[in-house]
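Worksheet: the structure to be examined is printed underneath.
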Amino acid sequence: MTTATALDTLGRLESEAIHIFREVAGEFDRPVILFSGGKDSTLLLHLAVKAFWPAPVPFPLLHVDTGHNFDEVIEFRDQVVARHGLRLEVAKVQDYIDDGRLAERPDGTRNPLQTVPLLDAITGHKFDAVFGGGRRDEERARAKERIFSLRNSFGQWEPRRQRPELWNLYNGRHRPGEHVRVFPLSNWTELDVWHYIAREGIELPSIYYAHRREVYLRDGMWLAEGPWGGPREGEEKLEKTIRYRTVGDGSCTGAVESDAADIEAVIAEVAASRLTERGATRADDRLSEAAMEDRKREGYF
């Protein structure tokens, strides 16, 4: 892809995303943006700021917090919220575990436990449109999903109820109790995301760039020790130069060995990769062939 072509592609993607944000603002009463501090949700917020500038972003933010976070990401999340003067709602998985509504999984990962706090937050705040940073290139189940994705009154995704989206016309109609998940980044690729971050000078958590960290190898992925646990018997901790391509629950988010310490190096690395970031570094997507689709049918992101 030439520089001129990349810039033209980024302009079209940006225009599409801004159009989607404005469509939702006109069609829905109580939208919310899912924001974790990761690269895709940070890009999503950047586009929302652009869509409504010079007015403030008219939606609150929602983070479904597993409690298994990287410190750098939570610190960055709070800095961004303060900088833009936004309201952040946090639904904590730990609260649900503490009062017995949820139980820890045997494998220790909490990503699948996010569904109930997410749906409760949507219902409790009466959100009718929920912006997410999902992209179709990430995973097969996400490739099936529309930009406006209708969820039933239980928050579940029903593929047969997905609507055509011809000529950039989006159908936001829904019954009482239903809501719509909205994915402005659907048509972006990981490489598009990084090119746009470079073009716009968007700040990200430091762990997206190469740094030294103690990690251990499990199932072909480099995991870091944290509140979620550490190496098992026979797993050795090593200090390596790594970075994270995606950020989620620390128990199932793997790092990649990398010397990409700046954005140009990251772009070159992503361009040469033959695995999506989720396929390469997310253990929760390896639980079964249909792990993501099963969770989406239950109400997951």
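The values are calculated or read from the model by the stated rules, or taken from the named source; none is laboratory data. What you are looking at is a predicted structure, and each value in this text was computed from that prediction instead of being measured. Please note: Cβ atoms are built from the backbone with ideal geometry, for glycine as well, and neighbour counts cover all protein chains shown. Heavy atoms of the whole protein, side chains included, go into the accessibility calculation; ligands, DNA and RNA do not. Shrake-Rupley method; radii C 1.70, N 1.55, O 1.52, S 1.80 Å.
What the table shows:
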| read-out | value |
| --- | --- |
| Condition met for Gly26 (outside any strand (DSSP E or B) and in contact with a strand residue (DSSP E or B) (Cβ under 8 Å, 6 or more places away or on another chain)) | no |
| Check on Arg136, basic (Lys, Arg) and touching a residue at least 40 places away in the same chain (Cβ under 8 Å) | yes |
| Some residue of the range 207-219 being under 16 Å from the mean Cα position of the chain (by Cα) and either under 30 Å from Gly124 (Cα atoms) or touching a residue at least 12 places away in the same chain (Cβ under 8 Å) (or both) | yes |
| Index of the failed condition, Lys92 passing every other in (1) touching a strand residue (DSSP E or B) at 6+ places or on another chain (Cβ under 6 Å); (2) open to solvent by less than 60 Å² (accessible area, probe 1.4 Å) | (2) |
| Subset of the range 131-146 that is within 21 Å of Asp29 (Cα to Cα) and either among the hydroxyl-bearing types (Ser, Thr, Tyr) or open to solvent by 10 Å² or more (accessible area, probe 1.4 Å) (or both) - its residue that is modelled with the highest pLDDT | Gly133 |
| The range 65-84, residues that are open to solvent by 30 Å² or more (accessible area, probe 1.4 Å) and farther than 23 Å from Ile122 by Cβ | Asp71, Glu72, Glu75, Gln79, Ala82, Arg83 |
| Selection count where residues are assigned to a strand (DSSP E or B), of a type in the set (Lys, Arg) and open to solvent by less than 30 Å² (accessible area, probe 1.4 Å), scope the range 227-261 | 1 |
| Failed condition for Leu102, given (1) within 20 Å of Asp40 (Cα to Cα); (2) of a type outside the set (Lys, Arg); (3) surrounded by 13 or more Cβ atoms within 10 Å (Cβ to Cβ) | (1) |
| Residue under evaluation Leu169, criteria (1) over 30 Å from Gly254 (Cα atoms); (2) surrounded by 15 or more Cβ atoms within 10 Å (Cβ to Cβ), criterion not met | (2) |
| Pick from the range 41-64, criterion open to solvent by less than 20 Å² (accessible area, probe 1.4 Å) and not hydrophobic (A, V, I, L, M, F, W, C), ranking: nearest to Leu185 (Cα to Cα) | Ser41 |
| Test: residue in the range 208-226 that is part of a helix (DSSP H, G or I), open to solvent by 30 Å² or more (accessible area, probe 1.4 Å) and either at positive phi or modelled with pLDDT of 90 or more (or both) | no |
| Flag if Arg199 is over 19 Å from the mean Cα position of the chain (by Cα) and part of a helix (DSSP H, G or I) | yes |
| Single residue of Val266, Val247 found to be in contact (Cβ under 8 Å) with a residue 60 or more places away in the chain, among the aliphatic types (A, V, I, L, M) and in contact with a Gly (Cβ under 9 Å, 6 or more places away or on another chain) | Val247 |
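Okay, residues lined up against (1) closer than 20 Å to His68 by Cβ; (2) touching a Phe, Trp or Tyr at 6+ places or on another chain (Cβ under 9 Å):
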| position | (1), (2) |
| --- | --- |
| Tyr170 | no, yes |
| Phe183 | no, yes |
| Asp192 | no, no |
| Ile207 | yes, yes |
| Arg212 | no, no |
| Glu233 | no, no |
| Tyr244 | yes, yes |
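So that you can scan it fast, the table gives a plain yes or no per residue for (1) at pLDDT 95 or above; (2) within 20 Å of Thr246 (Cβ to Cβ):
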site: Phe35; (1), (2): yes, yes
site: Ser41; (1), (2): yes, yes
site: Ala48; (1), (2): yes, no
site: Pro58; (1), (2): yes, no
site: Leu61; (1), (2): yes, yes
site: Gly67; (1), (2): no, yes
site: Phe70; (1), (2): no, yes
site: Val81; (1), (2): yes, no
site: Leu86; (1), (2): yes, no
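Listed here are the residues, each with its yes/no results for (1) out of contact with any helix residue (DSSP H, G or I) (no Cβ under 7 Å at 6 or more places or on another chain); (2) within 30 Å of Thr109 (Cβ to Cβ).
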| position | (1), (2) |
| --- | --- |
| Leu44 | yes, yes |
| Pro56 | yes, no |
| Val64 | no, yes |
| Asn69 | yes, yes |
| Glu72 | no, yes |
| Arg77 | yes, yes |
